[in-house]
Amino acid sequence: MEIEDQKTEQVAPTASLESTKPLEDAITTATTASAPSIDDLIIAATIEDHQAVLEAIAEEKSAIVQDTYIGKLAKVLGVAKPAISKQMKQVAAFTPTGDEADMDEDLPLKAVFPGLVDLVKDEAGKVRYLVKDDGGLRLENTWVDDDGTVYEPPGTRYIKFPIPNAERVISQYKDTDDTKLYEDLLAFFKRFSYLEDDVWPIIVLSVLLSYMQDHPDVRYIPVIYFYAVAERGKSRTAKTMLATSYRGLHLVDIRPANVIRFAQHFNATIFFDVTDLWKSAEKGEGAQDILLGRFEKGTQVVRVLNPDKGPIADQEYFDVFGSTIVATNEPANITFESRCLSISMPNKPGRYENLTPAMGLPFRDSLTAFRARMMDKQLPYVEPIPGISGRLWDISEPLFQLAQMIAPVAFEQMKRVLLEMSGQKIEDKKDTIEGQLIAAIAKIARFDGNLPTEIPVEEIRTQLNLGKPVQYQVSPQKVGKRIQSLSIKTKAVNGRSRAIITIQELNRLKEQYGLLAPVLSEDPLPLATTDEELHETGISEGRESVESEADDTGFPTENDAAEQSVLKLVESGSEFLATTEEERHKQYLDLISGEGAAKITEAIDTEPPKKRLLIKWAKPKQ
């Protein structure tokens with residue numbers, strides 16, 4: 001007891017400022033008496049031993065209180081206050097505060113695991129796990145893996161996106177009005193930039209989809225791709241998305257190591273804000289594989305991390321799937337663009353609000369609650385939309401599924417926009433070398449019914465290069481490789497290559513590259529099956545104009561009898577009324593496969609009033 005009294009007296013507030021007792025004596029006092037105040041530590045500080053004082057000051061939340069203590073410490077040490085302030089900044093950078101002060105340094109960190117709703121802040125500001133199980137939502141400090149490893153959430157030092165508030169998320173979990181959430185987001189977005197009304201649903205539903213990227217029904221997420229000249233609102237719109245998206249991060253360069261970690265460890269939504277996306281991706285070790293894989297779940301990239309371990313063991317694979325936003329001034333790689341929904345920014349200057357990250361925080365709480373509700377719900381089945389196919393359908397299907405659940409009006413708006421995108425993509429494919437190659441084959445191919453035909457590759461090359469300057473002509477080697485890339489069979493005859501193709505295969509390729517499509521009529525078509533009735537409808541003249549127009553574009557001409565048996569009107573045969581999207585799509589697929597010929601027009605019933613598509617059908621003439 002004597003010793004305790006003696007030590008307490010040494011650090012009493014009335015002690016002389018000239019006291020030279022070492023600082024460790026003051027700290028030792030805390031173990032035998034009461035914890036010393038910062039004033040006590042300052043009094044006992046020396047030039048050689050003052051680090052603990054700085055750490056104690058750094059834990060103070062008030063900048064004014066910190067400044068006062070720094071002034072006192074400068075007087076005790078007899079040094080200039082700016083010198084103390086400079087050292088204080090260095091100490092503060094490495095001093096755990098808030099939730100980090102309670103972290104167990106021996107536990108590994110984890111931010112992604114099954115059943116995790118999100119990382120959230122509790123009422124004390126500590127980062128915790130919000131987990132969903134059969135009992136509902138609960139907060140956890142740790143999580144135990146299947147192998148028994150105990151993890152804890154990363155502290156705020158490691159998290160560079162706004163963290164939802166646990167109390168508000170839990171309170172909104174039972175709010176099932178997701179239509180209102182969609183409408184509120186739509187109104188919020190329109191405050192900061194301008195887009196056409198039909199385009200906004202893609203933006204808003206993409207934000208909602210970012211909270212569902214680990215949902216079992218979601219296999220693809222489209223890259224939202226803003227491409228335009230400077231000052232069109234690309235970054236404004238993208239930043240609004242980021243302020244509300246799941247774990248949004250804003251990157252102004254592409255560093256593969258960082259992107260991989262953000263994807264692997266956080267499932268982050270990443271906004272790449274770069275002038276030339278693809279040029280940036282090609283720098284250094286390259287990030288092209290990461291960008292190309294972001295849209296599809298299960299895609300992994302490989303990196304050599306430990307060469308000293310030898311073959312196989314030196315490699316490591318990383319998941320890169322996640323929501324992605326891109327704003328760029330230069331066009332990207334065409335392969336990358338096929339994974340994107342390209343948003344054209346209108347030239348609509350005006351006065352819009354300036355976004356601050358805090359504005360999106362209330363929506364993050366609501367959207368995190370939305371994520372929790374959706375974790376055990378199935379997405380509805382959506383009928384494929386004729387005209388939207390292939391990869392474009394893959395990446396847009398989850399948006400249509402969400403629209404069908406929470407915003408039926410948005411479904412039709414998106415449908416119009418994506419049909420337009422699909423048409424533009426097909427038009428673009430016509431001009432590719434593959435599109436030109438298919439048109440050249442169609443021009444010279446001669447078929448005997450459904451039997452395959454053989455065409456010399458050199459003849460195809462001659463047709464492809466017709467009218468092109470010498471410097472732009474395609475070499476025989478390139479033509480051969482492109483033919484193989486289109487899955488067209490080839491064989492060698494007397495040392496010369498020949499392409500082997502059927503009319504069904506050619507029609508399928510022509511449809512995929514915009515060279516064959518059903519003829520649509522705006523006028524009602526009566527159930528005509530005779531030459532006279534067909535002539536009265538005016539269809540024959542329409543057919544002739546289409547055929548004559550085809551001659552100028554490199555399509556098959558009237559001399560191709562087999563081709564014309566598919567394209568021309570059927571003069572007799574059975575009639576079918578396609579009343580559903582599925583029926584129309586099936587019958588159209590039958591058309592391009594060569595199983596029959598069809599003419600699609602619109603027919604309108606008066607009782608009951610509804611619009612249907614009339615399909616006239618017959619076997620092609622042999």
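The values are calculated or read from the model by the stated rules, or taken from the named source; none is laboratory data. No experiment lies behind these values; they were computed from the predicted model shown. We place every Cβ from the backbone using ideal geometry, glycine too, and count neighbours over all the protein chains shown. Ligands, DNA and RNA are excluded from the accessible area calculation, which covers all protein heavy atoms including side chains. Shrake-Rupley method; radii C 1.70, N 1.55, O 1.52, S 1.80 Å.
Condition first: farther than 17 Å from residue 87 by Cα and in contact with a Pro (Cβ under 9 Å, 6 or more places away or on another chain). Now tell me which residues in region 36-65 satisfy that.
Once the filter is applied, which keeps residues that are farther than 17 Å from residue 87 by Cα and in contact with a Pro (Cβ under 9 Å, 6 or more places away or on another chain), region 36-65 yields 37, 39, 40, 43, 44.
Every residue in region 239-293 that is within 15 Å of the chain's Cα centre (by Cα), open to solvent by 10 Å² or more (accessible area, probe 1.4 Å) and on the phi > 0 side of the Ramachandran plot, please.
The answer is 267, and nothing else.
Does region 358-393 hold any residues that are under 26 Å from residue 243 (Cα atoms), under 19 Å from the mean Cα position of the chain (by Cα) and of a type in the set (D, E, K, R), and which are they?
Scanning region 358-393 gives 364, 371.
What do you reckon, is residue 454 open to solvent by 60 Å² or more (accessible area, probe 1.4 Å), touching a helix residue (DSSP H, G or I) at 6+ places or on another chain (Cβ under 9 Å) and among the acidic types (Asp, Glu)? Break it down stepwise before answering.
Values: open to solvent by 60 Å² or more (accessible area, probe 1.4 Å): yes; touching a helix residue (DSSP H, G or I) at 6+ places or on another chain (Cβ under 9 Å): no; among the acidic types (Asp, Glu): yes.
The answer is no for residue 454.
Taking the conditions exactly as written (open to solvent by 60 Å² or more (accessible area, probe 1.4 Å), of a type in the set (A, V, I, L, M, F, W, C), more than 15 Å from residue 165 (Cα to Cα) and out of contact with any Ser or Thr (no Cβ under 7 Å at 6 or more places or on another chain)), does residue 334 satisfy them or not?
So residue 334 fits the description; yes.
Out of 135, 125, 148, I need the residue that is without any contact (Cβ under 8 Å) to a residue 12 or more places away in the chain, open to solvent by less than 60 Å² (accessible area, probe 1.4 Å) and over 21 Å from residue 264 (Cβ atoms). Which one?
None of the others qualify; the one that does is 148.
In region 488-508, which residues are in contact with a helix residue (DSSP H, G or I) (Cβ under 8 Å, 6 or more places away or on another chain) and part of a loop (DSSP other than H, G, I, E, B)?
Scanning region 488-508 gives a single hit, 488.
How many residues, within region 59-86, are touching a residue at least 12 places away in the same chain (Cβ under 8 Å), open to solvent by less than 60 Å² (accessible area, probe 1.4 Å) and closer than 14 Å to residue 45 by Cβ?
Adding up the residues that qualify gives 7.
What helices (runs of 4 or more DSSP H), lying completely within region 339-430, carry at least 1 residues that are within 30 Å of residue 131 (Cβ to Cβ), open to solvent by less than 10 Å² (accessible area, probe 1.4 Å) and touching a residue at least 60 places away in the same chain (Cβ under 8 Å)? Lay out the reasoning, then the answer.
Working: elements: 361-374, 390-406, 408-430.
Helices (runs of 4 or more DSSP H) meeting the threshold: 361-374, 390-406.
Going by the conditions given, is residue 441 β-branched (Val, Ile, Thr), surrounded by 17 or more Cβ atoms within 10 Å (Cβ to Cβ), modelled with pLDDT of 90 or more and in contact with a helix residue (DSSP H, G or I) (Cβ under 9 Å, 6 or more places away or on another chain)?
Numbers: β-branched (Val, Ile, Thr): yes; surrounded by 17 or more Cβ atoms within 10 Å (Cβ to Cβ): yes; modelled with pLDDT of 90 or more: yes; in contact with a helix residue (DSSP H, G or I) (Cβ under 9 Å, 6 or more places away or on another chain): yes.
When the stated conditions are applied, residue 441 passes them.
Look through 176, 142, 156 and report the one residue that is open to solvent by 40 Å² or more (accessible area, probe 1.4 Å) and under 18 Å from residue 360 (Cβ atoms).
Exactly one of 176, 142, 156 is open to solvent by 40 Å² or more (accessible area, probe 1.4 Å) and under 18 Å from residue 360 (Cβ atoms), namely 156.
Considering only residues that are touching a Lys or Arg at 6+ places or on another chain (Cβ under 6 Å) and assigned to a loop (DSSP other than H, G, I, E, B), look in region 179-224 and name the one that is most open to solvent (accessible area, probe 1.4 Å).
Looking at the filtered set, the residue picked out is 219.
Going by what's in this entry, would residue 296 be described as more than 30 Å from residue 372 (Cβ to Cβ) and of a type outside the set (Val, Ile, Thr)? Before you say what the answer is, go through the steps one by one.
Values: more than 30 Å from residue 372 (Cβ to Cβ): no; of a type outside the set (Val, Ile, Thr): yes.
No, not satisfied.
Take the residues of region 479-497 that are open to solvent by 100 Å² or more (accessible area, probe 1.4 Å) and more than 24 Å from residue 507 (Cα to Cα): which is modelled with the lowest pLDDT?
Checking each candidate, the answer is 494.
Determine whether residue 329 is over 17 Å from the mean Cα position of the chain (by Cα), open to solvent by less than 80 Å² (accessible area, probe 1.4 Å) and closer than 20 Å to residue 225 by Cβ.
yes
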